[in-house]
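The values are calculated or read from the model by the stated rules, or taken from the named source; none is laboratory data. Note that the coordinates shown come from a computational prediction; the quantities given were computed from them, not determined experimentally. Cβ: placed from backbone, ideal geometry, glycine included. Neighbour counts: every protein chain shown. Ligands, DNA and RNA are stripped out before the accessible areas are found, and what is left, the full protein with its side chains, is counted by its heavy atoms. Shrake-Rupley method; radii C 1.70, N 1.55, O 1.52, S 1.80 Å.
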Amino acid sequence: MAAQLQLGVKRLYRKMIKSLPGVMEQYEFTTLQENDCKRLLKKHFSKYYAESNPAVIEMLTVKGKMELDETLNMHKTPCHILKLLTTDIEKPERMEDEIAKLEYMKLAQGSEFMAAFYQGK
């Protein structure tokens, strides 16, 4: 049973890593680097590395699959994915400012009000 769960997690991780370039292109994330996104994705997975409860592992795997499917089917807005990719795992309330600001400003291009708002003016 544990081996099957471990295999499911590994498959999900590989699928997410393989999907990352397509997702970045789909959502037009130009300021994010693929290697940084892979590192952040690895951080998300390693957060639960020590988890040993099979029910929790299965639930996290199912949630991960749902997140990936929603992302690939474009059911999420760029802001959702950006928050997921740039949220610091250790301090979820703090975002990596440089990357987030650049992407949010790119999303708001054409709107002077939104650009000023994201810059804090």
- Item | Accessible surface ranking that places the most exposed of M74, M24 first, with a 1.4 angstrom probe | M74, M24
- Item | Probe 1.4 Å, all protein chains present, accessible-area order of Y48, Y13, largest first | Y48, Y13
- Message: I need the phi-derived Karplus couplings for the range 24-33: 6.51 cos²θ - 1.76 cosθ + 1.60, θ = phi - 60°, integer Hz, Gly and Pro marked x.
- Response: 5, 6, 4, 8, 6, 8, 8, 8, 8, 8
- Message: Please list 3J(HN,Hα) in residue order for the range 60-68, calculated via the Karplus relation 6.51 cos²θ - 1.76 cosθ + 1.60 where θ = phi - 60°; whole Hz, with x for glycine and proline.
- Response: 5, 5, 5, 4, x, 5, 5, 4, 5
- Note on the structure: A correct Karplus calculation of ³J(HN,Hα) over the range 18-23, with 6.51 cos²θ - 1.76 cosθ + 1.60, θ = phi - 60°, whole Hz and x for Gly and Pro, returns 5, 7, 4, x, x, 5
- Task: Pop a pseudo-label 7 angstrom from the Cα along the beta-carbon direction at both E58 and N35 and give the gap in nm to one decimal.
- Result: 4.0 nm
- Query: Sorted by accessible area with a 1.4 angstrom probe, largest first, how do V9, V62 fall?
  - Reply: V62, V9
- Task: Subtracting the Cα-Cα distance from 0.36 nm times the residue separation, let me have the gained length for S46 to R11 in nm, one decimal.
- Result: 11.1 nm
- Task: Give me the percent of the accessible area of the range 1-91 that comes from carbon and sulfur atoms, probe 1.4 Å, all protein chains in place.
- Result: 56 percent
